[in-house]
Amino acid sequence: MADLRVLVGVKRVIDFAVKIRVKPDKSGVVTDGVKHSMNPFCEIAVEEAVRLKEKKLAKEVIAVSCGPLQCQETIRTALAMGADRGIHVEVSEAEAQRLGPLQVSRLLSALAQKEKVGLVLLGKQAIDDDCNQTGQMTAAMLDWPQGTFASKLALEGDKLTVEREIDGGLETIRLKLPAVVTTDLRLNEPRYATLPNIMVSWARARPKPF
Amino acid sequence: MKSSLVMARLLRVLGGWRSYCSKRQQERVSDDFVETLKAVVGEPNVSIAAAVREQHGHDESMHRCSPPDAVVWPQNVEQVSQLAALCYDHSIPIIPFGTGTGMEGGVNAIQGGICFNLTRMDRVLELNADDFSVTVEPGVTHKALNSYLRDSGLWFPVDPGADASLCGMAATGASGTNAVRYGTMLENVINLEVVLANGKILYTSGQGRRFRKSSAGYNLTGLFVGSEGTLGLITTATLRLHGIPEATVAAVCPFPSIQAAVDSTVQILQSGVQVARIEFLDDVMMDACNKYSGLTNAVAPTLFLEFHGSNQGLREQLQRAEEITQQNGSSHFTWSKELEERKQLWAARHNAWYATLALRPGCKGYSTDVCVPISRLPEIIVETKEDLKASGLTGPLVGHVGDGNFHCILVFNTEDADEHRRVMEFGKRLGRKALAMNGTCTGEHGIGLGKRQLLKEEIGPEAMETMRQIKAVLDPKNLMNPGKVL
């Protein structure tokens, strides 16, 4: 059984099916009462991490989310999908507006070192800001190798083979752990959180101060 | 002079050929009336454009397009009520319209009238996860609802082939591949908000009520489910949700004969295995699907099964099912748990309609929909295949055998009058065969335009008269989708 710990970033975003409306004062988009869910690329990251655990290639999957209190719903979904632990970095509503890839990557790199993880799995981008920066910045701050836009992942010992979707087609690279990987659409099809698992995760996820 | 006469005749011929749909009936819907419609919903939400009306004059069936006189898009139930009242005062037919994915010509405006496209009302109004219920507007389709529900651990299992409007599914009493375990719309609709022909708003189970069962009064909800827009416009549906299963396994199993496949179905059901999906494809269909999707499945009568449950429970279900299929002579039993592999296994079944049409490009498809007691299924399928051969028709079979329901998808050239006639007669014969076996002429598609005669034969004169009386009470002017069902 491997010793690998995997840190997965999950972001709470406005659901992809919602019709976005701009606020009347043009200061942003309407978020009150609007359906939010886990960023689809983060779902793919959680799925991949859980599959690594099921294949006994990883020991523990830790889901982390940065933002206001509602982020805990997103962490619970990750737990229901099979993550072992969740970390909520609480940020007030007002400050959350100014939370961008630079700040999040600082948080993630600090957590990665604190939790002694060997792999950081993130979605390639969030569907609200489409930044596509957090994974790359996190790797730079940790000085770890990165495999972005992953459409296939194979782990053998401490060598990670990543097939990436790039402009010219597909590129296969080999990384040595610890590493940062960002997930692309065709990596996997995320499982639905089942009702029994959601109930169990609600019972498990009693927040403890960090 | 002569050339302009020729031009006039040419234009009439061309005009007639171009819009083979019936013309707008000027006398029934005046420009003034269109203006009053615009006053209710706003100018962008009313259209008399020919292309828009043609689009709303047909569904996925091969019934001839009959466009309405105008199309309106109400934004809320108050507007639907006002528009209906207007139509009632002027005695103009009302045609409810959802996604236009029906199979029996239910939206064809054969007497003209106003088509109410309800899909701009597309909110999920209220999700009560702990009570396993949700209330939706007509613009919400079943795929959109399941996407909305994905992090709640709940799902809505009724899944007809198309991504249909849930209120439309309630109107046609739709069903799908999961019906054998989870039921059809009839079992999964708790409450409906309906606008009647005169504009009055009715709540079939009482406003805002959502319970798991009730004994209160007459079952109005059940009356409107399957009424195909002939009794009122459904503007909200409260639906029963189910928990997403802990684990799912899909399996594919070819057989040496149809009898063996159907016998296995009956035995699996009798063994107590709560199979979630059990679908049958005959050899012609398997061949079509292989060609269309580039698959290499065995070209033989095949069962596609799916099991839902806990990991432990699934092992037992699989074991029992595999034993039964082996006893009936199946050559192998391929199964899979991973989502991507399951999708691959089911790809053949999901593409059945298009794969069939691809057998004869340029032709249209007509699907039969009979449903018989399960014990009679082998008999009727075997007889159907013989009839197909005798009539010289192309008709692959696909069926929800767990319910005793199967579809013969007839591909034919609509221009060939003889083939068209043979297809229609085959359909009638098959319907009558099902009736003779104590079954029904339509398991899930509805009566619509084409099966009204069969409905009479199926339910008998007393029931027919009762239905007519109910219709007369709820829609005395016969404005709600006239010419359908009765």
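Rule-based calculations on the coordinates, nothing more; no lab input. Quick caveat: nothing in here was measured; it's all calculated off a predicted structure. Note that each Cβ is placed from the backbone with ideal geometry, even for glycine, and that neighbours are counted across all protein chains shown.
Tabulated data for the structure shown
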{"item": "Of the trypsin sites (Lys or Arg not before Pro) in segment A:43-152, those whose Cβ has at most 15 other Cβ within 10 Å and which sit in DSSP loop", "result": "A:Lys55, A:Lys56, A:Lys59, A:Arg98, A:Lys116"}
{"item": "Filtered GluC sites (Glu not before Pro), segment B:393-443: DSSP coil and at most 16 other beta carbons within 10 Å", "result": "B:Glu415"}
{"item": "Furthest towards positive pole of dipole, B:Pro378, B:Leu339, A:Val50, structure part the protein assembly as shown, Cβ charges", "result": "A:Val50"}
{"item": "Chain B: angle of helix B:377-391 to the longest principal axis, Cα-based, in degrees nearest 10", "result": "60 degrees"}
{"item": "Average partner coverage of A:73-84, which counts Cβ from other chains inside 10 Å", "result": "1"}
{"item": "Whole-Hz couplings from phi, Karplus 6.51/-1.76/1.60, listed for segment A:191-203; x for Gly and Pro", "result": "6, 7, 6, 8, 4, x, 5, 5, 4, 5, 5, 5, 5"}
{"item": "Over chain B: Rg over Rh, Cα atoms, Kirkwood Rh", "result": "0.99"}
{"item": "Only Lys, Arg (+1) and Asp, Glu (-1) charged, at Cβ; segment A:79-210 dipole about Cα centre in debye", "result": "580 debye"}
{"item": "Estimated translational D of segment B:108-212 in µm²/s (Stokes, Kirkwood radius over Cα pairs; 20 °C; 1.002 mPa s)", "result": "144 µm²/s"}
{"item": "About the Cα centre, charge dipole magnitude for segment B:247-349 (Lys/Arg +1, Asp/Glu -1 at Cβ), debye", "result": "200 debye"}
{"item": "Where N is the number of residues in segment B:247-349, Cα Rg divided by 2.2 N^0.38 Å", "result": "1.00"}
{"item": "Share of pairwise Cα separations in segment B:354-436, more than 22 Å, in percent", "result": "22 percent"}
{"item": "Built amide H within the under 5 Å cut-off of A:Val8, gap 5+", "result": "A:Ile62, A:Ala63, A:Val64, A:Leu121"}
{"item": "Inter-chain shielding of B:153-161 (mean C-beta neighbours from other protein chains, 10 Å cut-off)", "result": "2"}
{"item": "Within chain B, longest stretch free of exposed chymotrypsin sites (Phe, Trp or Tyr not before Pro) [DSSP loop, at most 12 other beta carbons within 10 Å]", "result": "B:219-486"}
{"item": "Cα centroid of segment A:15-53 to Cα centroid of segment A:161-190, whole Å", "result": "23 Å"}
{"item": "Separation between Cα centres of segment B:398-425 and segment B:438-486, rounded to whole Å", "result": "22 Å"}
{"item": "FRET efficiency, 1/(1 + (r/R0)^6) with R0 41 Å, evaluated for A:Ala203 and A:Val34 via beta carbons", "result": "0.90"}
{"item": "In sequence order, calculated HN-Hα J values of segment A:169-176 (Karplus, 6.51, -1.76, 1.60; Hz; x Gly/Pro)", "result": "x, 10, 10, 10, 10, 10, 10, 9"}
{"item": "A:His36 long-range amide H proximity, modeled H, under 5 Å", "result": "A:Asp15"}
{"item": "The protein assembly as shown - Rg and Dmax from Cα coordinates, angstrom", "result": "28.4, 95"}
{"item": "Computed log₁₀ I(q)/I(0) - Debye formula, equal Cα scatterers, no solvent, segment A:39-193, q 0.09, 0.10, 0.21 Å⁻¹", "result": "-0.26, -0.32, -1.59"}
{"item": "Percent of alpha-carbon pairs separated by more than 15 Å within segment A:11-71", "result": "62 percent"}
{"item": "Charge dipole (debye, nearest 20) of chain B; +1 at Cβ of Lys and Arg, -1 at Cβ of Asp and Glu", "result": "980 debye"}
{"item": "3J(HN,Hα) from dihedral phi, segment A:126-140, Karplus parametrisation 6.51/-1.76/1.60, rounded to Hz, x for glycine, proline", "result": "9, 7, 8, 10, 6, 5, 6, 10, 4, x, 5, 5, 4, 4, 5"}
{"item": "Interchain or long-range residues, amide H under 5 Å from B:Gly309's placed H", "result": "B:Glu246, B:Ala247"}
